[in-house]
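Structure record follows, encoded as structure tokens.
The values are calculated or read from the model by the stated rules, or taken from the named source; none is laboratory data. Worth saying up front: this structure is predicted, and the values here are computed from it rather than measured. Here the Cβ positions follow ideal geometry from the backbone for every residue, glycine too, while neighbour counts run over all protein chains shown. Protein only, heavy atoms only, side chains kept; ligands, DNA and RNA dropped before computing areas. Shrake-Rupley method; radii C 1.70, N 1.55, O 1.52, S 1.80 Å.
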Amino acid sequence: MSSSQCSPVVPQELMVEILSRVPVKDLMRLRCISKWLNTLVFDPTFVKLHLQKSSKNTYILLTFRDYENDESRYCAAPCSLQNLLHNPSSTVDVCHRFNHDYTILGVCNDLVCLQDSYRGDEFEEYWVRFWNPSTRLMGEDSPHIRIRSGDHNYPYLFMFGFGYDDWSDRYQVVFLDNKLQKMEVRVYYLGDSCWRNTLTCDAFPALSVHGAYVCGHLNWLALPKCGPGYRWGTVTINELEIFSYDLKNEKCSYLSMPDGLSEVPPDVPVLEVLKGCLCLSHHQGTCFVVWIMREFGDAKSWTLLLNVSYEDLHIRVLHGLPALPVILCLSQNDDVMLLASYDTAEFILYNKKDNSIDGRELFNDDKFFFFSYDFVQSLVLPYQN
């Protein structure tokens, strides 16, 4: 019997299908086996196929700033939901610390958008680059945006956001050049050579700097009905809205607050994303309150996710309100959630079904700005192939 008869050849189509289910870490190791494998791993068609298969297995990317050796740097820690829920401290200990003072704008699929800047006396420059935490590949700097230092006066802030348009299969960084009269929207597409103007609309006092990405839209808290001299204590609930930019259609709209939010919170709320849904968290009396929009764009889908007193969380309210806790993740049934409390420098595992604390873990108070993103381990390149 010949050797060819003893060693049946696997059809290439079947081999591609099998490899599309292999984890990224293992695929990166397999690249050295053959030239074909090395080419396949970053072939655009295979990258998309692998992403489709990987999207069923979502992970969490925990980000935070860490103060060490007189320097503050962002860190990123990929982890599973279960590891973060039950071992947050060990997750923080095993992280990637950037060697440059980037700001993390957001995460889409497996690409992290990093912002860099230069601030001079007369002008400021901003640019971005992308990083894939699974492949550890880093892209090149985008073209720079230059703005005059005196062109933006509070509360007319300029804002950034990072998102993905699945219709065009393009990763986009959005810059809102928000001045006193008009706001220009500029967009940079990964691999492009410039920032493109896509929209001009009325300016507004901004309440959040980084956009929250949900369902092809970037969202910022805003006060479109208020002027430059507004005071937070006089803002009414119908003046508080969410500015939403549609990446596909290059249009903007406004989303209303939850019906159950009858008055403006004492401090500015925080807009974030949990399990792919837009969330709004804020103080209410001596309680921590979180709303979640179950169906993006449908104001009637706002649902009260959490309303718990700081006493039940064992967070003392002595002089004024504590720093707003951050929800880092939710269990599959939404009953258990992991919070980061800056006042106590603790991770708190809270069971809202039983109104009980299932665990607490301390973290070093030199770690701050905790944030979490859903992400998928993928082969998506942080640069144009």
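Computed quantities for the displayed model
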item: Pair list, Cβ under 9 Å, 6 or more apart: segment 71-95 residue within 13 Å of Lys367 (Cα to Cα), other residue surrounded by fewer than 16 Cβ atoms within 10 Å (Cβ to Cβ) and among the polar types (S, T, N, Q); result: Arg73/Asn99; Val92/Asn364
item: Filtered residues of segment 98-109 (kept if over 16 Å from Gly216 (Cα atoms), under 15 Å from the mean Cα position of the chain (by Cα) and not in a strand (DSSP E or B)); result: Tyr102
item: Any hit, segment 276-290, residues being under 22 Å from the mean Cα position of the chain (by Cα), surrounded by fewer than 15 Cβ atoms within 10 Å (Cβ to Cβ), touching a residue at least 12 places away in the same chain (Cβ under 8 Å) and within 30 Å of Lys53 (Cα to Cα); result: yes
item: Failed item in (1) without any contact (Cβ under 8 Å) to a residue 12 or more places away in the chain; (2) within 24 Å of Val317 (Cα to Cα), with Pro266 passing the rest; result: (1)
item: Residue count, segment 143-152 (criterion: buried (at least 17 other Cβ atoms within 10 Å of the Cβ) and either under 13 Å from Leu247 (Cα atoms) or at pLDDT below 90 (or both)); result: 1
item: Qualifying residue in segment 229-244 (condition: among the hydroxyl-bearing types (Ser, Thr, Tyr), closer than 26 Å to Asp116 by Cβ and surrounded by 18 or more Cβ atoms within 10 Å (Cβ to Cβ)); result: no
item: Subset of segment 335-355 that is modelled with pLDDT of 90 or more and charged (D, E, K, R) - its residue that is farthest from Leu111 (Cα to Cα); result: Asp354
item: Leading residue by the ranking (farthest from His50 (Cα to Cα)) among those in segment 104-125 that are touching a residue at least 40 places away in the same chain (Cβ under 8 Å) and open to solvent by 10 Å² or more (accessible area, probe 1.4 Å); result: Gln115
item: Count - residues of segment 290-299 that are modelled with pLDDT under 95 and either under 22 Å from Val264 (Cβ atoms) or of a type in the set (Ser, Thr, Tyr) (or both); result: 1
item: Every residue from segment 191-205 that is open to solvent by less than 30 Å² (accessible area, probe 1.4 Å) and either part of a loop (DSSP other than H, G, I, E, B) or touching a Ser or Thr at 6+ places or on another chain (Cβ under 8 Å) (or both); result: Ala203, Phe204, Pro205
item: Any chance Val47 is in a helix (DSSP H, G or I), at pLDDT 90 or above and farther than 25 Å from Asp334 by Cα; result: yes
item: Qualifying residue in segment 208-224 (condition: over 30 Å from Pro143 (Cβ atoms), without any contact (Cβ under 8 Å) to a residue 60 or more places away in the chain and not in a strand (DSSP E or B)); result: no
item: Restricting segment 356-383 to residues that are over 22 Å from the mean Cα position of the chain (by Cα) and modelled with pLDDT under 90, the residue that is most open to solvent (accessible area, probe 1.4 Å); result: Asp365
item: Residue within segment 153-172 that is at pLDDT 95 or above, in contact with a Leu (Cβ under 6 Å, 6 or more places away or on another chain) and of a type in the set (Ser, Thr, Tyr) present; result: yes
item: Residue count for segment 318-341, restricted to those that are more than 22 Å from the chain's Cα centre (by Cα) and within 24 Å of Lys353 (Cβ to Cβ); result: 2
item: Leu218 being in contact with a helix residue (DSSP H, G or I) (Cβ under 9 Å, 6 or more places away or on another chain), closer than 15 Å to Leu271 by Cβ and open to solvent by less than 10 Å² (accessible area, probe 1.4 Å); result: no
item: Matching option when the condition is among the acidic types (Asp, Glu) and either over 19 Å from Val326 (Cβ atoms) or free of Cβ contacts under 8 Å to residues at least 24 places away in the same chain (or both), among Asp246, Asp312; result: Asp246
